[in-house]
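Right, one structure below, let's go through it.
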Amino acid sequence: MKRKTQRAKPGFESFEETAELVFALSAWVSIISVILITVYILAAGLPPILKIGVFQFILGTQWKPTAEIPQFGILPMILASLLGMAGAMAAGVPIGLFTAILLSELAPKGIAGFLRTCMELLAGIPSVVYGFFGLTVIVPFIRTRLGSPSGNSLLAMIAILSAMVLPTIASISETSLRAVPKEYREGALALGASRMETIFKVVVPAAKPGIAASVVLGMGRAVGETMAVIMVCGNIPRIPRSLMDAVSPMTAAIAKDLSYAGPFHRSALFGIGTVLFLFIVALNLVLNAVVRRSAEGRHDIG
């Protein structure tokens, strides 16, 4: 018997066309939103940077916008943001990666499910709660146990950011590890590799693009966090000499000064936002380069 060719119903064809239109409109809304935000930030932030002077603005060490002779140097803020991000990554990346390996490769289903729920809970906690925890637990601990004058310090900022980036790194890395084909594991074990050798020499390198994406997203979260950071960092714009010094990263400076800033002071804060925005763009470009190079390397090996 000949099979009858099923033709798509006219209503189904119209539904497909409508769905494609909705998807296309959604994509264009996202693209236009990014373009508008970029144009607005650059239009508001570049003029004060150019008026102050690019090198004076970025490399200046004094931030005194309300002084008789205002000074707009954001180098201490840039260093505070970079040091906080680097410290958070140094603590968060190994813990997050090892947690992802445990969840995807080693832990029984029950324990993995419980730990995964804990990671999701950490990701859902508002940043102000992290800040309140840091203000009431971490800051007093640093003040009483480590000898910091106030406890509000770069170290407290790093501790909070480490906890905040952990769910991002762990969840995305776990997804990347699970996406590695099981044939990779079976082939390595068949060749005599141990379980740990299989994980660290086969599975983790194969999942490197996803792990790199989790690290860069964690870096973006760390450098862009505001509320939790402003509660524990001390909010003093100076170059830190040690982990116990109070600092003021770029996000904290914007949030702190915006309520009382005058016209040009507000424009200078937009300049800080422009520098921060360009830094996030650079992080994403690095991510794309790493992922592309990893994909090309795997293709060449294949």
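The values are calculated or read from the model by the stated rules, or taken from the named source; none is laboratory data. All values reported here derive from a predicted model rather than from experimental measurement. Heads up, the Cβs are rebuilt from the backbone with ideal geometry, glycines too, and the neighbour counts pull from every protein chain shown.
Would you mind finding the one in I142, I101, I111, I95 that is out of contact with any Lys or Arg (no Cβ under 8 Å at 6 or more places or on another chain), in a helix (DSSP H, G or I), at pLDDT below 90 and not small (G, A, S)? Steps first, answer last, please.
Numbers: I142 fails: at pLDDT below 90; I101 fails: at pLDDT below 90; I95 fails: at pLDDT below 90.
None of the other options fit; the residue is I111.
For M89, state whether it is in contact with a Pro (Cβ under 9 Å, 6 or more places away or on another chain) and part of a helix (DSSP H, G or I).
Working: in contact with a Pro (Cβ under 9 Å, 6 or more places away or on another chain): no; part of a helix (DSSP H, G or I): yes.
No: the conditions fail for M89.
Which of the residues spanning the range 179-222 are among the charged types (D, E, K, R), more than 15 Å from V290 (Cβ to Cβ) and surrounded by 15 or more Cβ atoms within 10 Å (Cβ to Cβ)?
Filtering the range 179-222 down to residues among the charged types (D, E, K, R) leaves 182-183, 185-186, 195, 197, 201, 208, 221.
Adding the requirement that they be more than 15 Å from V290 (Cβ to Cβ) leaves 182-183, 185-186, 195, 197, 201, 221.
Scanning the range 179-222 gives R185, R221.
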Quiz item: Which condition number in (1) surrounded by fewer than 19 Cβ atoms within 10 Å (Cβ to Cβ); (2) in a helix (DSSP H, G or I) is the one that L243 fails?
Solution: (2)
Practice problem: Restricting attention to the range 190-211, report how many residues are touching a Ser or Thr at 6+ places or on another chain (Cβ under 6 Å) and in a helix (DSSP H, G or I). | Solution: 4
Self-check item: Search result, residues across the range 115-147 that are exposed (fewer than 13 other Cβ atoms within 10 Å of the Cβ) and among the basic types (K, R)
Solution: R145
Quiz item: Going by the conditions given, is L285 within 15 Å of G220 (Cα to Cα), modelled with pLDDT of 85 or more, hydrophobic (A, V, I, L, M, F, W, C) and out of contact with any helix residue (DSSP H, G or I) (no Cβ under 8 Å at 6 or more places or on another chain)?
Solution: no
Quiz item: Which one is surrounded by the fewest Cβ atoms within 10 Å (Cβ to Cβ) among residues in the range 246-255 that are among the small types (G, A, S) and part of a loop (DSSP other than H, G, I, E, B)?
Solution: A246
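Identify all residues within the range 63-121 that are among the small types (G, A, S) and under 28 Å from F277 (Cα atoms); write none if there are none. Break it down stepwise before answering.
First, pick out the residues of the range 63-121 that are among the small types (G, A, S): 67, 73, 80-81, 84, 86-88, 90-92, 96, 100, 104, 107, 110, 112-113.
A67, G73, A80, S81, G84, A86, G87, A88, A90, A91, G92, G96, listed by residue number.
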Practice problem: Can you tell me which residue among S173, S148, S153 is closer than 12 Å to V203 by Cα, among the hydroxyl-bearing types (S, T, Y) and touching a residue at least 40 places away in the same chain (Cβ under 8 Å)? | Solution: S173
Exercise. Take the range 43-73 and flag every residue that is in a loop (DSSP other than H, G, I, E, B) and either touching a Cys at 6+ places or on another chain (Cβ under 7 Å) or free of Cβ contacts under 8 Å to residues at least 12 places away in the same chain (or both).
Key: G53, Q62, A67, E68, I69
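So which of R221, R266 ends up being farther than 24 Å from L155 by Cβ, in a helix (DSSP H, G or I) and of a type in the set (K, R)?
On the way: R221 fails: farther than 24 Å from L155 by Cβ.
Within the list R221, R266, the selection yields R266.
Kindly evaluate E225 against the criterion of being at pLDDT 85 or above, surrounded by fewer than 17 Cβ atoms within 10 Å (Cβ to Cβ) and charged (D, E, K, R). Reasoning before the result, please.
Numbers: at pLDDT 85 or above: yes; surrounded by fewer than 17 Cβ atoms within 10 Å (Cβ to Cβ): no; charged (D, E, K, R): yes.
For E225, the condition - at pLDDT 85 or above, surrounded by fewer than 17 Cβ atoms within 10 Å (Cβ to Cβ) and charged (D, E, K, R) - is not met.
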